[in-house]
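Visitor: If you scroll down you'll find the structure; I have some questions about it.
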Amino acid sequence: LSDTPCQIEVHSIIDSTNSELMRRIQAHQSIPKGQVLVAEMQQAGRGRRGRQWQSPFGANLYYSCYWQLDEGMQAAMGLSIAVGLAVHDALKALFDLDVQLKWPNDVYLNEQKLAGILVELDGQVEGPCHLVIGIGLNVAMPDSAAGQIDQAWTDLSQHVNAVNKNQLVAVLTLCLQKRLEIYQRHGLSVMTEQWNALNVHRQQGVTLTTGQKQWRGICEGIDSQGGLVLRQDGELKTYYGGEISVRKE
Ligand code: ATP
């Protein structure tokens with residue numbers, strides 16, 4: 001499937017799997033491309049813009065992968081689109097589940113959040129760009145944490161009988177490497193159609209929010225760069241940027 005060597009490092013408790021890989025990047029440690037780090041609990045799991053990712057001890061998956069792109073930061077734009085598809089591929093292959101994807105970085109099942117993706121990078125406009133691809137996937141949420149998530153969520157245990165977490169990590173890693181290699185070779189244009197078919201907001205009225213600004217429109221899907229296309233008063237407008245949130249009207 002892939003000739004990228006892969007090491008999987010397992011921690012019991014960590015602040016954040018993404019933070020640990022990012023510290024190693026910033027300390028200029030040599031990290032093999034494809035290195036995976038998982039933990040059984042995160043004490044400071046993160047979502048976008050400093051939001052918390054609930055990461056109690058137990059069966060959930062807290063997963064980060066190191067990757068490198070040679071073409072500078074610009075090339076990383078839209079990467080979370082490819083990562084969402086990799087999560088889809090793994091859950092389809094293992095459990096025949098059909099997840100939906102929410103722009104730019106979430107995985108849903110029956111309109112409830114199953115997984116979050118957090119891509120962080122260290123690099124310049126040109127030259128090598130170091131990437132940390134974080135995936136938090138709810139496998140079996142302990143009751144103690146269930147009440148602490150302030151939006152509709154789900155976990156795999158509500159949909160499938162038995163989850164072998166080792167197998168999940170292995171298949172997810174293979175699916176992720178495959179999508180990342182396709183992304184590097186061909187860009188997003190070969191994946192946009194598939195992503196659009198899985199879009200949780202497909203043809204629905206949505207509101208985009210960033211800071212104080214809001215835009216409303218019908219969600220048409222993504223373009224070949226990973227930007228979100230809205231139909232507004234009959235015209236198509238594309239939005240880019242990692243700071244935008246999308247909500248159903
Ligand atoms: P956006 O659409 O702006 O990305 P988001 O709500 O998806 O918003 P993220 O940064 O992706 O934001 O994820 C953090 C949010 O996800 C938290 O604010 C919380 O609402 C929710 N959340 C936190 N932990 C979990 C979890 N384990 N499972 C599902 N949802 C969670």
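Visitor: Hey, rough spin-label estimate for Gln7 and His159, points 7 angstrom out along Cα→Cβ, what's it come to in nanometres?
Guide: Here the modelled spin labels are 3.3 nm apart.
Visitor: If Lys and Arg each add +1 and Asp and Glu each add -1, what is the summed charge of the other residues whose beta carbon sits under 10 Å from the beta carbon of Asp15? Display every interim value, and only then the final one.
Guide: Working: positive: Arg23, Arg46; negative: Glu20.
Local charge sum for Asp15: +1.
Visitor: Any chance you could list P(r) for the stretch 96-145, counting all Cα-Cα pairs in 5 angstrom bins from zero, rounded to whole %?
Guide: Computed distribution, short to long bins: 5, 16, 20, 18, 15, 11, 7, 5, 2, 0.
Visitor: So, R0 is 35 Å and r is the distance between the beta-carbons of Asp98 and Asp143; what FRET efficiency does that work out to, to 0.05? Could you put the intermediate results ahead of the total?
Guide: Values: r = 27 Å, r/R0 = 0.78.
With R0 = 35 Å, the Cβ-Cβ based efficiency is 0.80.
Visitor: ³J(HN,Hα) across the stretch 130-136 via Karplus (A = 6.51, B = -1.76, C = 1.60, θ = phi - 60°), whole Hz, x for Gly/Pro?
Guide: 8, 10, 10, 10, x, 9, x
Visitor: Relative contact order of the stretch 1-101, please, whole-number percent, based on alpha carbon pairs below 8 angstrom and at least 6 residues apart. Intermediate values should be presented prior to the final figure.
Guide: Numbers: 131 pairs, mean separation 23.5, N = 101.
Worked out over the stretch 1-101, it gives 23 percent.
Visitor: While we're here: Could you please state, rounded to a whole Å, how far the C-alpha centre of the stretch 178-249 is from the C-alpha centre of the stretch 30-104?
Guide: 19 Å
Visitor: How much net charge surrounds Lys237 when only the other residues with a Cβ under 10 Å from the Cβ of Lys237 are counted, with Lys and Arg +1 and Asp and Glu -1? Could you put the intermediate results ahead of the total?
Guide: On the way: positive: Arg231; negative: Glu220, Asp233, Glu235.
Local net charge: -2.
Visitor: Right, another one. Using the Cα centre of the chain as origin and beta-carbon charges of +1 (Lys, Arg) and -1 (Asp, Glu), tell me which of Asn105, Phe95, Thr210 is placed farthest towards the positive end of the dipole.
Guide: Of the candidates, Thr210 comes out farthest on the positive side.
Visitor: Further, regarding this structure: Taking the convex hull of the alpha carbon atoms in the stretch 153-238, what volume per residue do you get, in Å³? It would help to have the intermediate numbers written out before the result.
Guide: Values: hull volume 12.6 nm³, N = 86.
Taking only Cα atoms, the stretch 153-238 has a hull volume of 147 Å³ per residue.
Visitor: Hey, another quick one. In percent, what relative contact order does the chain have, based on Cα pairs under 8 Å that are 6 or more apart in sequence?
Guide: Numbers: 504 pairs, mean separation 43.0, N = 249.
Computed over the chain, the figure is 17 percent.
Visitor: Below 13 angstrom from the Cβ of Leu188, what's the summed charge of the other residues (Lys, Arg +1; Asp, Glu -1)? Intermediate values should be presented prior to the final figure.
Guide: On the way: positive: Arg179, Arg185; negative: Glu193, Asp223.
Within the 13 Å Cβ shell, the charges total 0.
Visitor: With a point put 7 Å past each Cα toward its Cβ, work out how far Phe57 is from Ala27 in nm, to one decimal.
Guide: 2.5 nm
Visitor: At 37 °C and 0.692 mPa s, what whole-number value in µm²/s does Stokes-Einstein give for the translational diffusion of the stretch 1-146, with Rh from the Kirkwood sum over Cα pairs?
Guide: On the way: Rh = 15.8 Å.
It diffuses with D of about 208 µm²/s by this estimate.
Visitor: Select from the stretch 28-133 those GluC sites (Glu not before Pro) which occupy a DSSP coil region and have at most 13 other Cβ atoms within 10 Å, ordered by residue number.
Guide: Details: sites: Glu40, Glu71, Glu111, Glu120, Glu126; in loops: Glu71, Glu111, Glu126.
Here the GluC sites (Glu not before Pro) that fit, given the DSSP loop and packing criteria, are Glu71, Glu111, Glu126.
Visitor: Report the label-to-label distance for Glu111 and Glu71 in nanometres (one decimal), using points 7 Å from each Cα along the Cα→Cβ vector.
Guide: 3.8 nm
Visitor: How are the Cα pair distances of the stretch 135-192 distributed, in percent, across 5 Å bins from 0?
Guide: Spelled out per bin, shortest first, that is 4, 14, 18, 17, 14, 15, 12, 5, 1.
Visitor: Another question about this same structure. For the stretch 201-248, how big is Rg over Rh, using alpha carbon atoms and the Kirkwood form of Rh? Working shown, then result.
Guide: Values: Rg = 9.8 Å, Rh = 10.6 Å.
Computed over Cα atoms, the ratio is 0.92.
Visitor: At 25 °C and a viscosity of 0.890 mPa s, what translational diffusion coefficient does Stokes-Einstein give for the stretch 52-121, taking Rh as the Kirkwood radius over Cα pairs? Give it in µm²/s as a whole number. List each step's numbers first, then the result.
Guide: Details: Rh = 13.5 Å.
This corresponds to a translational diffusion coefficient of 182 µm²/s.
Visitor: A further question follows. Assign one of three labels to the stretch 77-190, namely rounded, prolate or oblate, based on the Cα gyration tensor with a ≥ b ≥ c the square roots of its eigenvalues; rounded applies when a/c is under 1.5, prolate when it is not and a/b is larger than b/c, and oblate otherwise.
Guide: On the way: a/c = 2.06, a/b = 1.60, b/c = 1.28.
Prolate shape, in that a/c is at least 1.5 and a/b is the bigger ratio.
Visitor: Let me see the P(r) profile for the chain: every Cα-Cα distance counted, bins of 5 Å, each bin given as a percent of all pairs.
Guide: Final binned percentages: 1, 6, 14, 19, 20, 18, 13, 7, 2, 1, 0.
Read-outs: derived from the displayed coordinates by stated rules, not from any lab. All of these numbers come straight from a predicted model, not from anything done at the bench. Neighbour counts run over all protein chains shown; Cβ positions are idealised from the backbone, glycine included.
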